[in-house]
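Q: Got a structure for you, written out below as structure tokens; questions coming shortly.
The values are calculated or read from the model by the stated rules, or taken from the named source; none is laboratory data. All values reported here derive from a predicted model rather than from experimental measurement. With ideal geometry, Cβ positions are generated from the backbone for all residues, glycine too; neighbour counts draw on all protein chains shown.
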Amino acid sequence: MLYPDFWAAAACHSGDMGFEICYMPGLVRSLREFARAGGIKPWLDEFYARPRIKDEDVQHLEMLGMCASYDPDPGSYLGLRLPLDMETAEIIPERWANFAKWDPVNMVVKRGAGLKALRALYIDCGNVDQFNLVYGARRLHRALDALSVPHRYEEFPDNHSNVDYRMDVSLPFLATALA
């Protein structure tokens, strides 16, 4: 959405959107882990010292990545800060606002019309996506329809994992549009 004049076509497979739905549950789980360790730095120290990393560890690391991307704080350890109060899990409005402005379902309001210049736009998501991304995808689809942005939207009967087979659908679609 930032550079529709640069790209000719795009595909989005189970993309992060609807941040309050997809990130909040993970942020709260991560908050508990960071609190248990005594903060973000002690948790990261533990993480890097582990001989074996668990799936949930990676999800906590991903939450830190989201924080560093959407609401960086150069004055904090590694530029990290959470959009939640560490003690109460209350949303910190100004921090969450920094997240929300990067949410595609919010960005589409101001920047979606530029997507009309694309030769093809493909969006899909599993209808049982374990990160709740299908709800954000549906919202984006609805907003694109309201803006009359041509796109192909599909939901498939699967979750978020091991869905590379979906490229068997999107890549021919993009290739045809770009030919």
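Q: Of (1) in a helix (DSSP H, G or I); (2) aliphatic (A, V, I, L, M); (3) at pLDDT below 95, residue 64 satisfies all except one. Which?
A: (3)
Here's the yes/no breakdown for (1) closer than 30 Å to residue 36 by Cβ; (2) free of Cβ contacts under 8 Å to residues at least 40 places away in the same chain:
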site: 94; (1), (2): yes, yes
site: 99; (1), (2): yes, no
site: 105; (1), (2): no, no
site: 120; (1), (2): no, no
site: 124; (1), (2): no, no
site: 158; (1), (2): no, yes
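Q: Further question: Among the residues of segment 73-94, count how many are within 18 Å of residue 62 (Cα to Cα) and either more than 22 Å from the chain's Cα centre (by Cα) or not small (Gly, Ala, Ser) (or both).
A: Looking only at that region, the number is 10.
Q: Still on this model: Condition first: part of a loop (DSSP other than H, G, I, E, B), of a type in the set (A, V, I, L, M, F, W, C) and in contact with a strand residue (DSSP E or B) (Cβ under 8 Å, 6 or more places away or on another chain). Now tell me which residues in segment 72-98 satisfy that.
A: Correct list: 92 only.
Q: Can you work out which of the residues in segment 40-56 that are at pLDDT 95 or above and surrounded by 12 or more Cβ atoms within 10 Å (Cβ to Cβ) is nearest to residue 104 (Cα to Cα)?
A: Top of the filtered list is 40.
Q: Let me ask something else about it. Limited to segment 159-172, what total is found for residues that are surrounded by fewer than 17 Cβ atoms within 10 Å (Cβ to Cβ) and either assigned to a helix (DSSP H, G or I) or of a type in the set (Asp, Glu) (or both)?
A: Count: 7.
Q: How many of the residues in segment 39-49 are more than 26 Å from residue 130 (Cα to Cα) and in a helix (DSSP H, G or I)?
A: Matching residues across segment 39-49 total 6.
Q: Further question: Any idea which of 109, 149, 134 is part of a loop (DSSP other than H, G, I, E, B) and under 17 Å from residue 17 (Cβ atoms)?
A: Answer to the check: 149.
Q: To continue, here is another question. Taking segment 1-38 only, how many residues are surrounded by fewer than 19 Cβ atoms within 10 Å (Cβ to Cβ) and part of a helix (DSSP H, G or I)?
A: 12
So that you can scan it fast, the table gives a plain yes or no per residue for (1) touching a Gly at 6+ places or on another chain (Cβ under 7 Å); (2) farther than 28 Å from residue 59 by Cβ:
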residue: 124; (1), (2): no, no
residue: 128; (1), (2): no, no
residue: 138; (1), (2): no, no
residue: 144; (1), (2): yes, yes
residue: 148; (1), (2): no, yes
residue: 153; (1), (2): no, no
residue: 162; (1), (2): no, no
residue: 170; (1), (2): no, no
residue: 174; (1), (2): no, yes
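Q: Provide a single number: the residues in segment 115-139 that are of a type outside the set (Val, Ile, Thr) and touching a His at 6+ places or on another chain (Cβ under 9 Å).
A: Residues flagged as of a type outside the set (Val, Ile, Thr) and touching a His at 6+ places or on another chain (Cβ under 9 Å) within segment 115-139 amount to 12.
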